[in-house]
Amino acid sequence: MKIVLLQPMILAGMLVSAATLSTNGWADEPATPPQDCWQTSTSQAAMDACANRELENTEQKLHDVAGKILEMYAGDSGFIDAFKASQKAWEAYRDAQIKMRYPHLEDHPHRHYGSVFPMCHAQYRASLAKARIAQLMQWVEGIPEGDVCAGSLKAAGDTQAVSAAATTTQAARRHERCTTTP
C-alpha cells in the first residue's frame, strides 16, 4: 500500500477553496431560508430547510384551526370530546401513513431513501396536514344551508353565531368564577 502525502501548496489550495465555498454560502445554507425558498435553493440542505419551514407553517395552521374549532364549539362538551378523539385518531392515521410510505424510518432512512429523504418526509407530512386542515375547515366556515345530514356542522351563516355563543359562554364562566366565594 502506497501512502501519498499531499504537497503543502495543494493542501493550502484545498483549504482556501473550502473556505471560499463556506463564505459564499454554497456549503453553509442560511439558518432561516428566504421567502422564495424553493426558487433560491441551491443545495439539498436548502431544500430540506424549505420543506421543514413549509411543514412547520402547515402544522401551525392545523393547530390554529383546531384551536378555533375548540373555541367556536366550547359550549358543546359532547362535540369537544368527539373532536379531541378525532384529532388523536387522525394523528395515529398520519403516523401510520408515513410509516407505510417510509417503512424503514428507524433503520437509517438515508440509506433506504437517499439524501432527499428529509425533504420528502417533510413534504409528505405537510400534505397530510393540509388535507386535515381542509377537512376541519368545514367546522370553521360552515356548509351550505339545507344539508340535512350536516350533523355537528353549522350552516355557513351560523358559524358567527356559534362563535359568539361560545364567547358569551366563556365570559359567563369567567364571571361565575370571579363572583363565587369558596
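The values are calculated or read from the model by the stated rules, or taken from the named source; none is laboratory data. Note that the coordinates shown come from a computational prediction; the quantities given were computed from them, not determined experimentally. Neighbour counts are summed over all protein chains in view; Cβ atoms, including those assigned to glycine, are modelled from backbone coordinates with ideal geometry.
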Selection status of Ile10, modelled with pLDDT of 95 or more and not basic (Lys, Arg): no
Residue satisfying all of: in region 55-113; among the aromatic types (Phe, Trp, Tyr) and not in a loop (DSSP other than H, G, I, E, B); farthest from Asp158 (Cα to Cα) among these: Tyr113
So Glu106, is it on the phi < 0 side of the Ramachandran plot and either at pLDDT below 95 or exposed (fewer than 14 other Cβ atoms within 10 Å of the Cβ) (or both): yes
Residues of region 54-93 that turn out to be of a type in the set (S, T, N, Q) and over 18 Å from the mean Cα position of the chain (by Cα), as a count: 1
Qualifying residue in region 147-160 (condition: of a type in the set (Lys, Arg) and in a helix (DSSP H, G or I)): no
Residue satisfying all of: in region 116-131; part of a helix (DSSP H, G or I) and more than 11 Å from the chain's Cα centre (by Cα); surrounded by the fewest Cβ atoms within 10 Å (Cβ to Cβ) among these: Ala131
Residue pairs meeting the criteria (Cβ under 7 Å; at least 6 apart or on separate chains; first surrounded by 14 or more Cβ atoms within 10 Å (Cβ to Cβ) and at pLDDT 75 or above, in region 145-166; second part of a strand (DSSP E or B) and of a type in the set (A, V, I, L, M, F, W, C)): Ala150/Ile143; Leu153/Ile143; Ala155/Ile143
Residue match in region 94-102 (condition: without any contact (Cβ under 8 Å) to a residue 40 or more places away in the chain, within 21 Å of the chain's Cα centre (by Cα), under 30 Å from Val65 (Cα atoms) and loosely packed, with under 10 Cβ neighbours inside 10 Å): yes
Pairs, first farther than 18 Å from Leu105 by Cβ in region 117-136, second among the charged types (D, E, K, R) and modelled with pLDDT of 95 or more, C-beta under 9 Å, six or more apart: Lys130/Lys61; Arg132/Arg94; Ile133/Lys61; Leu136/Lys68
